[in-house]
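J.: So that we are looking at the same thing, I have put the structure below in structure tokens.
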Amino acid sequence: MTPRSGSDHSSALPGIAAYPMPAEDDIPAPRVGWSIDTDRCALLVHDMQNYFLNAFQRDAEPIPELTANIAALLEGSARHGVPRIYTVQPGSQEPARRGLLRDFWGEGLRDEAAHTSIPQELAPAPEDTVLAKHRYSAFARSDLQGVLRRMGRDQLVICGVYAHIGVLMTACDAFMRDIETFVVADAVADFSAEDHAMALSYAARRCAVPMSTRAALAALDG
């Protein structure tokens, strides 16, 4: 691929300052009355790779709460037989495969464990599904829709990073595929509290149901 005029391939992730997770009262009310059904839903753990997490201060909020809440969702999903799907971006992608992401974010992950791995406490189990992800939406250039169809699932519960980029784009894409989507508001994280809030607001108004980890676990437990 020939670089486009004005492209800046030195772009990279910003350093992310600590910020608090939204409290339950801060989560915007949804426009729709969808409810999580354990017979219909799958859990999507979105891009929880160390490359993306290292942009944060790992020992400062929102990361400890993010990690704890995703771990709780993983355990709750396993307890009720809800399929667990992970997306991971490949490392060291060729420019033609990385495409326009390269213009915005540079070369991205390197093909080494320090970048591509998922924290051990959240790592997929052998029975979980792991999909390579190439664009903001987890549906783009992947078999996510086919996986959900074969599982007999038409709901998606999303957690991970980053809320206003891949999480939101995946939620919008799911909506356009008639898949009911739930964004777990305190099990996603973002570049800032403002970006986080914007993602939840847009999701609530246009394509998904934002909810707390507590509410999601209560729904799983029935």
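J.: From the list Ala216, Ala132, Ala171, Ala204, exactly one residue is touching a strand residue (DSSP E or B) at 6+ places or on another chain (Cβ under 7 Å) and under 16 Å from Met48 (Cβ atoms). Which is it?
T.: Details: Ala216 fails: under 16 Å from Met48 (Cβ atoms); Ala171 fails: under 16 Å from Met48 (Cβ atoms); Ala204 fails: under 16 Å from Met48 (Cβ atoms).
Unique residue meeting the criteria: Ala132.
J.: Can you tell me which residue is nearest to Asp173 (Cα to Cα) among those in segment 132-153 that are surrounded by 16 or more Cβ atoms within 10 Å (Cβ to Cβ) and in contact (Cβ under 8 Å) with a residue 40 or more places away in the chain? Explain how you work it out, then say what you get.
T.: Within segment 132-153, the subset surrounded by 16 or more Cβ atoms within 10 Å (Cβ to Cβ) is 133-139, 142, 144, 148, 153.
With the extra rule that they be in contact (Cβ under 8 Å) with a residue 40 or more places away in the chain, the set shrinks to 133-134, 138, 142, 144, 148, 153.
Numbers: Lys133: 14, His134: 14, Ala138: 8, Ser142: 12, Leu144: 11, Leu148: 14, Arg153: 15 Å.
Looking at residues that are surrounded by 16 or more Cβ atoms within 10 Å (Cβ to Cβ) and in contact (Cβ under 8 Å) with a residue 40 or more places away in the chain, I get Ala138.
J.: In segment 175-222, which residues are farther than 20 Å from Phe139 by Cα and either modelled with pLDDT under 95 or aromatic (Phe, Trp, Tyr) (or both)?
T.: Residues satisfying the conditions are Phe191, Gly222.
J.: Pairs please, first residue from segment 48-76 and within 20 Å of Asp221 (Cα to Cα), second anywhere and acidic (Asp, Glu) and assigned to a helix (DSSP H, G or I), Cβ atoms under 7 Å, 6+ apart in sequence or on different chains.
T.: Ala71/Glu121
J.: Here's a follow-up. List every residue pair whose Cβ atoms sit under 6 Å apart, with the two residues 6 or more apart in sequence or on different chains, where the first one lies in segment 179-195 and is closer than 16 Å to Gln57 by Cα and the second, anywhere, is of a type in the set (Ser, Thr, Tyr) and surrounded by fewer than 24 Cβ atoms within 10 Å (Cβ to Cβ).
T.: Here the result reads Asp190/Tyr162; Ala193/Tyr19, each pair linking segment 179-195 to a residue that is of a type in the set (Ser, Thr, Tyr) and surrounded by fewer than 24 Cβ atoms within 10 Å (Cβ to Cβ).
J.: Right, something else. Would you confirm, using the coordinates I've provided, whether Thr67 is modelled with pLDDT of 95 or more, crowded, with 16+ Cβ neighbours inside 10 Å, part of a loop (DSSP other than H, G, I, E, B) and of a type in the set (S, T, N, Q)?
T.: Working: modelled with pLDDT of 95 or more: yes; crowded, with 16+ Cβ neighbours inside 10 Å: yes; part of a loop (DSSP other than H, G, I, E, B): no; of a type in the set (S, T, N, Q): yes.
For Thr67, the condition - modelled with pLDDT of 95 or more, crowded, with 16+ Cβ neighbours inside 10 Å, part of a loop (DSSP other than H, G, I, E, B) and of a type in the set (S, T, N, Q) - is not met.
J.: In segment 125-150, which residue that is of a type in the set (A, V, I, L, M, F, W, C) and not in a helix (DSSP H, G or I) is farthest from Arg79 (Cα to Cα)? Let's see the steps before the verdict.
T.: Narrowing segment 125-150 to residues of a type in the set (A, V, I, L, M, F, W, C): 125, 130-132, 138-140, 144, 147-148.
Next cut, not in a helix (DSSP H, G or I) only: 125, 130-132, 138-140.
On the way: Ala125: 14, Val130: 19, Leu131: 22, Ala132: 26, Ala138: 25, Phe139: 26, Ala140: 30 Å.
So, considering only residues that are of a type in the set (A, V, I, L, M, F, W, C) and not in a helix (DSSP H, G or I), the one farthest from Arg79 (Cα to Cα) is Ala140.
J.: Could you check how many residues of segment 187-209 are in contact with a Pro (Cβ under 8 Å, 6 or more places away or on another chain) and either under 21 Å from His80 (Cα atoms) or surrounded by fewer than 20 Cβ atoms within 10 Å (Cβ to Cβ) (or both)?
T.: So the answer is 5.
J.: Inside segment 175-199, can you point out the residues that are within 27 Å of Gly146 (Cα to Cα), in a helix (DSSP H, G or I) and out of contact with any Asp or Glu (no Cβ under 8 Å at 6 or more places or on another chain)?
T.: Phe175, Met176 - these are the residues of segment 175-199 that are within 27 Å of Gly146 (Cα to Cα), in a helix (DSSP H, G or I) and out of contact with any Asp or Glu (no Cβ under 8 Å at 6 or more places or on another chain).
Residue-wise test of (1) within 18 Å of the chain's Cα centre (by Cα); (2) part of a loop (DSSP other than H, G, I, E, B); (3) modelled with pLDDT under 95; (4) surrounded by 13 or more Cβ atoms within 10 Å (Cβ to Cβ).
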{"residue": "Pro30", "(1), (2), (3), (4)": "no, yes, no, yes"}
{"residue": "Leu43", "(1), (2), (3), (4)": "yes, no, no, yes"}
{"residue": "Met48", "(1), (2), (3), (4)": "yes, yes, no, yes"}
{"residue": "Ala55", "(1), (2), (3), (4)": "yes, yes, yes, yes"}
{"residue": "Asp59", "(1), (2), (3), (4)": "no, yes, no, no"}
{"residue": "Glu75", "(1), (2), (3), (4)": "yes, no, no, no"}
{"residue": "Gly81", "(1), (2), (3), (4)": "no, yes, no, no"}
{"residue": "Ile85", "(1), (2), (3), (4)": "yes, no, no, yes"}
{"residue": "Pro90", "(1), (2), (3), (4)": "yes, yes, yes, yes"}
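The values are calculated or read from the model by the stated rules, or taken from the named source; none is laboratory data. This structure is a prediction, so every number in the text was calculated from the model and none was measured. Glycine gets a Cβ as well: all are built from the backbone with ideal geometry, and neighbour counts include every protein chain shown.
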